[in-house]
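Here the structure comes first, spelled out in structure tokens, and everything after it is commentary.
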Amino acid sequence: YNTAYYEIADMLEDRTAVDFKRAVFVLEWAYLRGKLDYEAFCLDISQTVDKLKHFIKREGLQRFRTSGNYALFDYFTKPNRMNGNKPFVYDFDDFSGNQDYTKLFVTKLMRTHSGQCRSLPIYYKVLAEEIGAESFLAQAPNHMYIKHLDENRQWVNVELTNGHLASDAYIISSMGISAEAIRNRVYLDAMSMKESVA
């Protein structure tokens, strides 16, 4: 626990470079008392990154600024070669991790292709960072999702729990978000890298 705490604190206090992938790993590694292998974690991610890059090239998407976001959306939501024809789905069984806290883990999601509104966007962001795609975590009440800018520099909300794009208006009305919470950047705001790590 202390090793993970100090490593993340060093990132947040600018003593070391912020590394989102590493921060995600050390949190889960600490909870599992050092029983996760970082090299295996990185290898799994790099193999997925290779598939995403190959998809971008095969589909001729390189000229688009959002090519990585397109590839990631396909990877998460549609059966295809990148995901072994097994898209990612919402895990309704103990989705809040009350019985088994590892249900919230990215490593569990990577292994099973089932997760919830914490692990899905965090894994998306890990992969986005690795392929150089723009992505931001954002929050709503008891919920997390991805935001990125489209080709016209307009915000897109990626809802990975159901594989759809959602408008701000839909998120606000369905989750009862107040104007004050939006104004104070509590909800719907694209989080910085440090906010994402914290």
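The values are calculated or read from the model by the stated rules, or taken from the named source; none is laboratory data. The structure presented is a predicted model; accordingly, all values stated were derived computationally and were not measured. We place every Cβ from the backbone using ideal geometry, glycine too, and count neighbours over all the protein chains shown. Quick note on the areas: whole protein, heavy atoms, side chains included, nothing else; ligands and nucleic acids left out. Shrake-Rupley method; radii C 1.70, N 1.55, O 1.52, S 1.80 Å.
Odds and ends about this structure:
- Residue within the range 23-30 that is in contact with a Cys (Cβ under 9 Å, 6 or more places away or on another chain) and open to solvent by less than 30 Å² (accessible area, probe 1.4 Å) present: yes
- Subset of the range 1-47 [more than 26 Å from L72 (Cβ to Cβ), of a type in the set (D, E, K, R) and assigned to a helix (DSSP H, G or I)]: E7, D10
- Taken over the range 78-93, the criterion of being surrounded by 11 or more Cβ atoms within 10 Å (Cβ to Cβ) and either at positive phi or touching a Phe, Trp or Tyr at 6+ places or on another chain (Cβ under 6 Å) (or both) is satisfied by M82, N83, F88.
- Qualifying position, being closer than 24 Å to V158 by Cα, in contact with a Phe, Trp or Tyr (Cβ under 8 Å, 6 or more places away or on another chain), not in a helix (DSSP H, G or I) and not hydroxyl-bearing (S, T, Y), among F55, F64: F64
- Within the range 119-153, the set of residues being within 22 Å of F95 (Cα to Cα), assigned to a loop (DSSP other than H, G, I, E, B) and not polar (S, T, N, Q) comprises just one member, P141.
- Contacts under 6 angstrom Cβ, first residue in the range 110-135 being free of Cβ contacts under 8 Å to residues at least 40 places away in the same chain, partner open to solvent by 10 Å² or more (accessible area, probe 1.4 Å) and of a type in the set (V, I, T), 6 or more apart: S114/V89
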